[in-house]
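Accompanying notes for the structure given below.
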């Protein structure tokens, strides 16, 4: 029930957030283009992630899927919340992120230790939440993770 509630909140807030708060330009890149990147690259792994979960790139929200790939985070509701904790630990601040942390903590008190671990991993990593990932799609995923000290959630 709590997962359904969080998913509904996300669906209701995604479009306004995307329209009024995200200033990034859409990447205008397809999954077909992503999977043509070299096999070790961030772009290829992003394309595989999108294919694996039957997702399509969301305009202006492409970085969100990159964060999944970099942190090796799943797509369950509590894993999504944990990823936001990771990003908070890494220095990202937004009203939307704080809203997710508040609602997620209230609805998933049984996952607080998991969330705190994600936060601590985010603190240990070099700041990566603000990078221009469209320019890094050819870079090796493992090199990016190593250079930025990004560890799986």
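Expressed as a whole percent, the proportion of Cα-Cα pairs in the chain lying more than 20 Å apart is 49%. Choose one answer from 28, 72, 90: the residue with the largest mean-square fluctuation in a GNM of the chain with alpha-carbon springs under 10 Å. Among 28, 72, 90, the largest mean-square fluctuation in the Gaussian network model of the chain belongs to 28.
Per residue of the chain, the DSSP helices (runs of n ≥ 4 H) give a summed -39500 (n - 2.57) that works out to -17000 deg cm²/dmol at 222 nm.
Packing, taken as the mean count of other beta carbons within 10 Å per residue, orders the peptides 44-51, 127-134 from highest to lowest as 44-51, 127-134. Distance distribution P(r), region 53-107, all Cα-Cα pairs, bin width 5 angstrom from 0: 4, 18, 28, 29, 15, 5 percent. Counting neighbouring beta carbons within 10 Å and listing from fewest to most, the residues 24, 63 come out as 24, 63.
The numbers here are math on the coordinates, done by the rules we state, and not lab data. In this text the structure is predicted, and so the values were computed from the model without any measurement. All Cβ positions, glycine included, derive from the backbone under ideal geometry; neighbour counts span all protein chains shown.
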